[in-house]
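A quick write-up on the structure given underneath.
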Amino acid sequence: MNPMIRKELRQRMRERRAWLLPTLYLLVLGAVAIVFYMMVTARPGSLEIAVQGAALGQGIFLAVAYAQLSLLLLVAPVFSAGAVTIEKEQRTLAGLLTSLLSPADIWWGKLAAALLYQGLLLASGLPVLALTLAFGGVGPRELGIALASTGIVVAAVSAAGLYFSCFFRRSVHATSVTYAFIVALAVVPLVAYAVLGSLVVRVPREPTWLQYAMAPNPFYALSIGLFGGAERAGPWVGSLAFFSVLFAAAAAFAVRNIARGGEQA
Amino acid sequence: MIDARDLVKRYGALRALDGLTLSVERGELVGLVGPNGAGKSTLIKILATLVCPDAGAAAIEGFDVVGASGRVRALVGYMPDVPGLYQDMRVREFLEFFADAFRLRGVRRNVAVDGALARAGLADRADTFVEALSLGLKQRLFIAKTLLHAPRLLLLDEPATGLDPLARIELRRLLRALNGEGVTILISSHILADLEDICSRVTFIAAGRLAGESAAPAAAATPRSLTCEIELLGDPARALTLLRERTGVRVVESTGARVAVEVTGGPEAAAALLRDLVAAGCAVVRFDPRGGLEERYRRAFGGAALSPRP
């Protein structure tokens, strides 16, 4: 086993947030599910909606899945953007770079530890998400797609955060830039979609390529694959391909940066 | 062991190293001195494979520090000026992590960790968190970590910074012992007395270039020179006449009742000079012989190197 992974996990699990974060995470997800259920069933005509369990199940499922992705996007920079900068701040990076660990070992150790922890959060949220199976309208396929989409998006964003951590000297800068990057991923595609949409003729229906403008949006990546026909498979795969390319590029630049990181050590 | 030629390293407009050439033989204990910003740390970082030179080349045991950095890292133990430790790890965990990072496996790993704990005197604190250790113990732990993979070359950048006098004595003892075991050591320090005590050779660096070399008293053959600071009561004229006429004595500086002289012949010559000054009726209130390194440093880098007078 890569010694970096063992070290990172050991240090991470000793922090107070190691147990505090999953607790808060589950409380928020549970609250979202309950509040959504109460809001929908308390509306006039709620009896009809309650009877239509599939719609209710899909609604709760989407609300919890969006909440889960939002929480993980909020948490990802905390674990990834500070991973290398903290070594610089504590003056421990020189020890790693002069050992026989390769830059790829260091990068993989940092990323794997961050992803494993976020994987723990994702897994702990699974029962809340799976609760919606009881309402109908949601099956194991949707559950799998939601988990896969969330996992790929979070891995790409974490890899980007780790790159910023290699680039900057201070955790505060790396973390701020990572959050700004996430906001840009969410907002820029929306703006692009709106601008391009206003320029093209949508009659009789929206051209398929327009959908691809939304590909970098994390929430689009999560939702486009769910509850749709075969026509949504292309944009979904396109969106996941974007995040896979982002992951690979961030990984390559981060490893290169670690290899040259001695001057910041 | 170390062969560095024409090293150049720039940080923006600043030339940290400006064509520095240095050679260190196997088994030597070489001191590196120079004012702040002279390029000592940059040189050590290049040799430790942390920083790439902009021009020139450096090799450790024939392995290029850029092209064969992995081979070099296996040979080198590097201790930076501010040793970084994982405060939230236990002492044993910290050493085990670096044993794994240096690819020590099985019995060899356990022997290395136990040996490092014993050498650092931390065997009874193996389960203590690093943050609970005193500065001196942290320094010992870092040295133990540096020695884990049995490096043949130690690169130490200001290792005595922040240490109390006892810890410094202990460090000198350890470095002498390691050097006795055949480990080559390159040490940068501003504490000239320490270098004088342990080094076989001292290299002066200024503005990124080699500014001179000197055999330190620890290894220099006699006769060697000492700088003596003398404080006299009353008129120093008679003492100055005696000093100027005496063979093997050179007046370096004379300010009022204070005179600095360079005495050739070591402590015996200094003792004889004091005896003769007193016998000649000079009222000597202070006679402070110092090693020649400080004087050589003063000559190389200016008067500021002499310690302030009381």
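The values are calculated or read from the model by the stated rules, or taken from the named source; none is laboratory data. From a predicted model like this one, the values you see are computed outputs, not experimental measurements. Quick reminder, even Gly has a Cβ in these numbers, built from the backbone with ideal geometry, and neighbours come from all protein chains shown.
Residues in the stretch B:100-109: is at least one within 9 Å of another protein chain (Cβ to nearest Cβ), in contact (Cβ under 8 Å) with a residue 12 or more places away in the chain and in contact with a Ser or Thr (Cβ under 8 Å, 6 or more places away or on another chain)? Write out each step before concluding.
The first filter runs over the stretch B:100-109 and keeps only residues within 9 Å of another protein chain (Cβ to nearest Cβ), leaving B:100-103.
Next, only the ones that are in contact (Cβ under 8 Å) with a residue 12 or more places away in the chain stay: B:102.
Checking which are in contact with a Ser or Thr (Cβ under 8 Å, 6 or more places away or on another chain) leaves us with B:102.
Yes - at least one qualifying residue is present in the stretch B:100-109.
A:Arg91 - would you say it is within 14 Å of chain B (Cβ to nearest Cβ) and on the phi > 0 side of the Ramachandran plot?
yes
Confirm whether B:Gly62 is over 24 Å from A:Glu87 (Cβ atoms), away from chain A (no Cβ under 14 Å), of a type outside the set (Phe, Trp, Tyr) and crowded, with 16+ Cβ neighbours inside 10 Å. Can you show your working first?
Numbers: over 24 Å from A:Glu87 (Cβ atoms): yes; away from chain A (no Cβ under 14 Å): yes; of a type outside the set (Phe, Trp, Tyr): yes; crowded, with 16+ Cβ neighbours inside 10 Å: no.
Considered against the rule, which asks whether it is over 24 Å from A:Glu87 (Cβ atoms), away from chain A (no Cβ under 14 Å), of a type outside the set (Phe, Trp, Tyr) and crowded, with 16+ Cβ neighbours inside 10 Å, B:Gly62 comes out as no.
Considering only the stretch B:140-173, state which residues are under 18 Å from B:Val113 (Cα atoms) and hydrophobic (A, V, I, L, M, F, W, C).
B:Leu141, B:Phe142, B:Ile143, B:Ala144, B:Leu147, B:Leu148, B:Ala150 - these are the residues of the stretch B:140-173 that are under 18 Å from B:Val113 (Cα atoms) and hydrophobic (A, V, I, L, M, F, W, C).
Looking at the stretch A:6-16, can you tell me whether even one residue there is aliphatic (A, V, I, L, M) and either surrounded by 21 or more Cβ atoms within 10 Å (Cβ to Cβ) or away from every other protein chain (no Cβ under 14 Å) (or both)? Spell out how you get there, then give the answer.
Here is the first cut: in the stretch A:6-16, the ones aliphatic (A, V, I, L, M) are A:9, A:13.
Filter again for either surrounded by 21 or more Cβ atoms within 10 Å (Cβ to Cβ) or away from every other protein chain (no Cβ under 14 Å) (or both), leaving none.
Checked against the condition, which is being aliphatic (A, V, I, L, M) and either surrounded by 21 or more Cβ atoms within 10 Å (Cβ to Cβ) or away from every other protein chain (no Cβ under 14 Å) (or both), the stretch A:6-16 yields no hits at all.
How many residues, within the stretch A:249-263, are farther than 9 Å from A:Val84 by Cβ and crowded, with 19+ Cβ neighbours inside 10 Å?
Residues of the stretch A:249-263 that are farther than 9 Å from A:Val84 by Cβ, as a first pass: A:249-253, A:255-256, A:259-260, A:262-263.
Next cut, crowded, with 19+ Cβ neighbours inside 10 Å only: A:250-251, A:255, A:262.
The number of residues fulfilling the criteria is 4.
Collect the residues in the stretch B:86-98 that are under 25 Å from B:Thr184 (Cβ atoms) and more than 7 Å from chain A (Cβ to nearest Cβ), keeping them in residue-number order. Quick ask: steps written out before the conclusion?
Kept after step one, since they are under 25 Å from B:Thr184 (Cβ atoms), are these residues of the stretch B:86-98: B:95, B:98.
Listed by number, the list holds a single entry, B:Leu95.
Can we say A:Gly144 is out of contact with any Leu (no Cβ under 6 Å at 6 or more places or on another chain), assigned to a loop (DSSP other than H, G, I, E, B) and either more than 14 Å from chain B (Cβ to nearest Cβ) or not charged (D, E, K, R) (or both)? Break it down into steps so the answer makes sense when it comes.
Values: out of contact with any Leu (no Cβ under 6 Å at 6 or more places or on another chain): yes; assigned to a loop (DSSP other than H, G, I, E, B): no; either more than 14 Å from chain B (Cβ to nearest Cβ) or not charged (D, E, K, R) (or both): yes.
Against the criterion (out of contact with any Leu (no Cβ under 6 Å at 6 or more places or on another chain), assigned to a loop (DSSP other than H, G, I, E, B) and either more than 14 Å from chain B (Cβ to nearest Cβ) or not charged (D, E, K, R) (or both)), A:Gly144 does not qualify.
Within the stretch B:115-139, track down each residue that is among the charged types (D, E, K, R), farther than 14 Å from B:Leu178 by Cα and in a helix (DSSP H, G or I).
To start, the set of residues in the stretch B:115-139 that are among the charged types (D, E, K, R) comprises B:119, B:124-125, B:127, B:131, B:138.
Narrowing further to those that are farther than 14 Å from B:Leu178 by Cα: B:124-125, B:127, B:131, B:138.
Within the stretch B:115-139, B:Asp124, B:Arg125, B:Glu131, B:Lys138 qualify.
Taking the condition of being within 12 Å of chain A (Cβ to nearest Cβ) and among the basic types (Lys, Arg), how many residues in the stretch B:38-48 meet it?
1
Tell me yes or no: at least one residue of the stretch B:90-110 is under 21 Å from B:Leu155 (Cα atoms), within 25 Å of the chain's Cα centre (by Cα) and buried (at least 19 other Cβ atoms within 10 Å of the Cβ).
Scanning the stretch B:90-110, I find no residue that is under 21 Å from B:Leu155 (Cα atoms), within 25 Å of the chain's Cα centre (by Cα) and buried (at least 19 other Cβ atoms within 10 Å of the Cβ), so the answer is no.
What pairs come out if I take residues in the stretch B:254-282 that are free of Cβ contacts under 8 Å to residues at least 60 places away in the same chain and pair them with residues that are among the hydroxyl-bearing types (Ser, Thr, Tyr) and not in a loop (DSSP other than H, G, I, E, B) whose C-beta lies under 7 Å away, six or more apart or interchain?
B:Ala260/B:Thr227; B:Glu262/B:Ser225; B:Glu262/B:Thr227; B:Val263/B:Ser225; B:Thr264/B:Ser225
Listed residues B:Val82, B:Val76, B:Val51, B:Val33; which is over 18 Å from B:Arg10 (Cβ atoms), within 12 Å of chain A (Cβ to nearest Cβ), in contact with a strand residue (DSSP E or B) (Cβ under 7 Å, 6 or more places away or on another chain) and not aromatic (Phe, Trp, Tyr)? Spell out how you get there, then give the answer.
On the way: B:Val82 fails: in contact with a strand residue (DSSP E or B) (Cβ under 7 Å, 6 or more places away or on another chain); B:Val51 fails: over 18 Å from B:Arg10 (Cβ atoms); B:Val33 fails: within 12 Å of chain A (Cβ to nearest Cβ).
Going through B:Val82, B:Val76, B:Val51, B:Val33 in turn, the sole match is B:Val76.
Is there any pair with a first residue in the stretch A:241-265 that is more than 14 Å from chain B (Cβ to nearest Cβ) and a second that is among the β-branched types (Val, Ile, Thr) whose Cβ atoms are under 6 Å apart and which are 6 or more apart or on different chains, and what are they?
A:Phe243/A:Ile152; A:Phe243/A:Val153
Which of the residues that make up the stretch A:125-165 are within 19 Å of A:Ser80 (Cβ to Cβ) and surrounded by fewer than 21 Cβ atoms within 10 Å (Cβ to Cβ)?
Result: A:Gly151, single match.
Identify all residues within the stretch A:77-124 that are free of Cβ contacts under 8 Å to residues at least 40 places away in the same chain and either part of a loop (DSSP other than H, G, I, E, B) or surrounded by fewer than 23 Cβ atoms within 10 Å (Cβ to Cβ) (or both); write none if there are none.
A:Gln90, A:Thr92, A:Thr98, A:Ser99, A:Leu100, A:Ser102, A:Gly119, A:Ala123
Restricting attention to the stretch A:66-79, does a residue exist that is small (Gly, Ala, Ser), farther than 21 Å from A:Ala148 by Cβ and either out of contact with any His (no Cβ under 7 Å at 6 or more places or on another chain) or modelled with pLDDT under 95 (or both)? Let's see the steps before the verdict.
Pass one, the stretch A:66-79, residues small (Gly, Ala, Ser): A:67, A:70, A:76.
In the following step, the residues that additionally are farther than 21 Å from A:Ala148 by Cβ were identified as none.
No: zero hits.
On the given criteria, is A:Ile60 modelled with pLDDT under 95, more than 18 Å from the chain's Cα centre (by Cα) and surrounded by 15 or more Cβ atoms within 10 Å (Cβ to Cβ)? Give the steps one after another, and end with the answer.
Working: modelled with pLDDT under 95: yes; more than 18 Å from the chain's Cα centre (by Cα): yes; surrounded by 15 or more Cβ atoms within 10 Å (Cβ to Cβ): yes.
Taking the combined requirement at face value, the residue satisfies it.
Can you name every one of the strands (runs of 3 or more DSSP E) wholly within the stretch B:1-93 that holds 1 or more residues which are in contact with a Ser or Thr (Cβ under 6 Å, 6 or more places away or on another chain)?
Numbers: elements: B:2-11, B:14-24, B:29-33, B:55-60, B:76-79.
Result: B:2-11, B:14-24, B:29-33, B:76-79.
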